[in-house]
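One structure below.
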Amino acid sequence: MNGTAGSEELSRKGPIRSDDWAAHVSRIRDDKDQAAFAELFRHFAPRVKAFLMKSGADAALAEECAQEVMATLWHKAHMFDPARATVATWIFTIARNRKIDALRKQNRPEPEDLPWGPAAEPDQEDVLTLQQETQALGQALAELPPKQRELIERAYFGDLSHSEIAAETGLPLGTIKSRIRLALERLRHEMK
Amino acid sequence: MKTPQIKHHLTDELLMAYSAGSLPEAFSLVVATHVSLCDECRARLGSFDTLGGAMLEECGSAELDAGALDATMARILEGAPQVAPKEKPRKSRGVFPGPLQDYVGGDVEAVKWKPVGMGVRQAILPTSHDASVRLLYIPAGCAVPDHGHRGTELTLVLQGAFMDEDDRFARGDVEVADEDLEHTPIADIGEDCICLAATDAPLRFRGIVPRLAQPFLKI
Ligand SMILES: [Zn+2]
Ligand SMILES: [Zn+2]
């Protein structure tokens with residue numbers, strides 16, 4: 001930072017919009033900002049805990065893992081790329097990996113990295129497009145018929161295969177598969 | 001080594017389960033290996049992760065312990081967790097993409113093949129026991145014994161190609177077979193075929209010799 005960056009520095013440390021989670025993460029990355037972390041924590045940690053409990057963890061294990069997930073977010077803030085994922089998506093992937101490790105006690109093979117790697121300076125247009133698409137997806141998800149939505153939720157959070165869902169709900173496997181397919185088609189349609 | 005002409009891709013069901021973290025490790029390895037070769041499935045997987053993020057936002061919240069934030073801050077100030085993050089860039093130039101090389105301990109030449117008869121060789125890779133995954137080496141023009149499936153079988157081609165009754169599968173292509181399918185894959189005559197195959201149930205071989213051999217092959 002040179003001398004002229006002073007005022008920029010100041011404004012960067014000013015208030016951030018409470019729902020601009022990407023700005024919170026950069027604050028944690030650049031300034032080790034505990035206040036920004038606390039806001040992120042209050043929003044996401046209870047959700048991560050709920051996700052882990054729906055996946056079969058008891059309350060104590062879910063609490064432990066939720067804290068670990070949030071600590072990982074702090075340590076890996078420099079890895080976050082807002083042009084590739086929203087903060088919610090990024091936290092979901094960290095929580096998902098923690099679930100495989102702590103609940104299922106398995107390794108998770110990860111795909112090779114993309115050749116271009118994380119961009120040094122994310123393209124603002126990409127960041128905006130991604131945020132808009134994610135908002136549209138959240139909206140579309142909220143508007144799904146309850147029966148379709150519930151099956152998607154179980155497939156994500158219940159940690160059940162489609163045939164296990166079939167055994168549990170008493171619905172034929174074909175019905176479950178076609179409801180999930182319908183739900184995904186609707187979501188895709190909304191995303192266009 | 002990208003493979004732009006891939007014709008047979010992963011299903012939504014598999015990509016969604018991989019994104020949710022509910023696939024057996026053996027299947028996850030096939031998914032991660034295919035995605036390393038396939039930009040289309042990488043993009044589809046990205047949208048399933050996005051869906052996971054949207055679900056996380058909407059799935060409700062559970063009350064945290066009193067002092068959870070302070071406990072987490074204390075955890076953070078203790079320093080980075082001991083589990084070293086895999087941050088080294090991985091980009092394989094060999095026949096095997098990165099995730100598969102991690103399991104083999106190198107590229108093709110590092111595989112410890114065991115003969116299973118009729119010129120076919122295999123190497124079972126170490127994963128959790130809810131499913132199994134192996135590399136298969138099928139000499140050009142040879143057949144994998146005729147078999148049906150009790151569960152799901154994923155077969156990803158890494159070198160050469162194989163044909164079954166309906167289709168041809170080349171590098172990067174993945175065949176998703178379930179109970180309904182009975183097939184006799186035959187390696188293309190051009191080149192010896194190497195595949196990565198995962199199953200969540202033992203294969204049922206038709207021929208008497210392969211069936212007798214089954215316990216020894218650990219299929
Ligand atoms: Zn694909
Ligand atoms: Zn088969």
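The values are calculated or read from the model by the stated rules, or taken from the named source; none is laboratory data. These figures come from a predicted structure and were not determined experimentally. Note that each Cβ is placed from the backbone with ideal geometry, even for glycine, and that neighbours are counted across all protein chains shown. To get the accessible areas, we keep the full protein, side chains included, count just its heavy atoms, and leave off ligands, DNA and RNA. Shrake-Rupley method; radii C 1.70, N 1.55, O 1.52, S 1.80 Å.
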Extreme residue, nearest to ligand 2 (Cβ to nearest atom), among residues of segment B:142-159 that are more than 14 Å from chain A (Cβ to nearest Cβ) and at pLDDT 90 or above: B:Thr155
If B:Ala43 passes every condition in (1) part of a helix (DSSP H, G or I); (2) within 16 Å of ligand 1 (Cβ to nearest atom); (3) open to solvent by less than 10 Å² (accessible area, probe 1.4 Å); (4) more than 9 Å from every other protein chain (Cβ to nearest Cβ) but one, which one does it miss? (3)
Please state which one of B:Ala187, B:Ala140 is open to solvent by 10 Å² or more (accessible area, probe 1.4 Å), farther than 27 Å from B:Asp12 by Cβ and not basic (Lys, Arg). B:Ala140
Considering only segment B:1-13, I want to know if a residue exists there that is within 20 Å of A:Glu185 (Cα to Cα), within 9 Å of chain A (Cβ to nearest Cβ) and of a type in the set (A, V, I, L, M, F, W, C). no
Note on segment A:10-45: residues in contact (Cβ under 8 Å) with a residue 12 or more places away in the chain and within 15 Å of the chain's Cα centre (by Cα) are A:Trp21, A:Ala22, A:His24, A:Val25, A:Leu40, A:Phe41, A:His43, A:Phe44, A:Ala45
What pairs come up if the first residue lies in segment A:93-107 and is without any contact (Cβ under 8 Å) to a residue 40 or more places away in the chain, the second is surrounded by fewer than 17 Cβ atoms within 10 Å (Cβ to Cβ), and their beta carbons are under 7 Å apart, counting only those six or more places apart or on different chains? A:Gln106/B:Ser128
